[in-house]
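*Asks:* For reference, the structure I am asking about is given below.
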Protein chains: 2
Amino acid sequence: MPYAESFAALADPTRRQVFEMLAAKPMPVGALAECLPVSRPAVSQHLKVLTDAGLVAAQPEGARRIYSVRREGLAELRAWIDRYWDDVLAGFHQDVMNQTGEDH
Amino acid sequence: MPYAESFAALADPTRRQVFEMLAAKPMPVGALAECLPVSRPAVSQHLKVLTDAGLVAAQPEGARRIYSVRREGLAELRAWIDRYWDDVLAGFHQDVMNQTGEDH
DNA sequence: ACTCAGCGTAAGGCATGACTTACGGTAAGC
DNA sequence: GCTTACCGTAAGTCATGCCTTACGCTGAGT
């Protein structure tokens, strides 16, 4: 269940901001840190959490590491939501049945 | 940005379990607590977080309070994911363009 | 009116987590 | 080869969060 780590990763505002910046454009660590109110090591730690969750990935380019978003990570979250989305719709439908007719 | 609270709410495993149980079937607090390894007040606190995030809602029924899932809460999360889903696809598309031709 | 079931809230303890500074390690440039 | 840029990790501090027990409130039944 990798979606568990994904939710935990995106629960932090700074980490969401990192993710959003990478979604807009792949970037090295330094570029992220310049646009954020935290230190560069803090960004590195956040990137580790996001990487472990499968939401981002690093691609070494010389001495730098270009981080970018992994579509599969978002797909996991979408899958989780869609599952319970269906459950809720089914439950709602059942409630309507119970309220209207109590038939069958 | 209510999705912020939603991510924070679903980041906790116990809270996700509560949400999943409510998605399967609306329930009062006591019924949830019986199936969980934590005390009833803990469940109440989790329900408050989920309620503040707009993910669940309570409907008083006599002395009990029947909790159920709010579709709008899940919709918020879906909207956030879909937004960055599109961004990632666009970025990926742009990378392909840069690699193949550098035209525009 | 009294009792009891069902919840929410307050207060406190303990773990988890986010940030900092300091350090080590690798790749590029002179 | 040596410096410099770029990055990850370690250690420590401080805040946040989850859980517990104890308490107070409301609605139903006798």
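The values are calculated or read from the model by the stated rules, or taken from the named source; none is laboratory data. Because the structure is predicted, anything quoted here is derived from the model rather than measured. Heads up, the Cβs are rebuilt from the backbone with ideal geometry, glycines too, and the neighbour counts pull from every protein chain shown. These area figures cover heavy atoms from the full protein model, side chains too; ligands, DNA and RNA do not enter into them. Shrake-Rupley method; radii C 1.70, N 1.55, O 1.52, S 1.80 Å.
*Asks:* Just to be sure before I move on: is A:GLY101 within 14 Å of DNA strand D (Cβ to nearest atom) and either modelled with pLDDT of 95 or more or more than 14 Å from chain B (Cβ to nearest Cβ) (or both) in the structure I sent? I'd like the intermediate steps shown before the answer.
*Replies:* On the way: within 14 Å of DNA strand D (Cβ to nearest atom): no; either modelled with pLDDT of 95 or more or more than 14 Å from chain B (Cβ to nearest Cβ) (or both): yes.
So A:GLY101 fails the test.
*Asks:* From the list B:VAL29, B:VAL49, B:VAL18, pick out the single residue that is away from every other protein chain (no Cβ under 13 Å), in contact (Cβ under 8 Å) with a residue 12 or more places away in the chain and aliphatic (A, V, I, L, M).
*Replies:* Within the list B:VAL29, B:VAL49, B:VAL18, the selection yields B:VAL29.
*Asks:* If I ask for residues that are outside any helix (DSSP H, G or I), of a type in the set (A, V, I, L, M) and open to solvent by less than 80 Å² (accessible area, probe 1.4 Å), which ones from the range A:51-83 would you list?
*Replies:* Going residue by residue through the range A:51-83, those that are outside any helix (DSSP H, G or I) are A:53-70.
From what's left, of a type in the set (A, V, I, L, M): A:53, A:55-58, A:63, A:66, A:69.
Answer for the range A:51-83, where residues must be outside any helix (DSSP H, G or I), of a type in the set (A, V, I, L, M) and open to solvent by less than 80 Å² (accessible area, probe 1.4 Å): A:ALA53, A:LEU55, A:VAL56, A:ALA57, A:ALA58, A:ILE66, A:VAL69.
*Asks:* If you scan the range B:37-75, which residues turn out to be under 16 Å from B:ARG15 (Cβ atoms) and more than 16 Å from DNA strand D (Cβ to nearest atom)?
*Replies:* B:GLY54, B:ALA57, B:SER68, B:VAL69, B:ARG70, B:GLY73, B:LEU74
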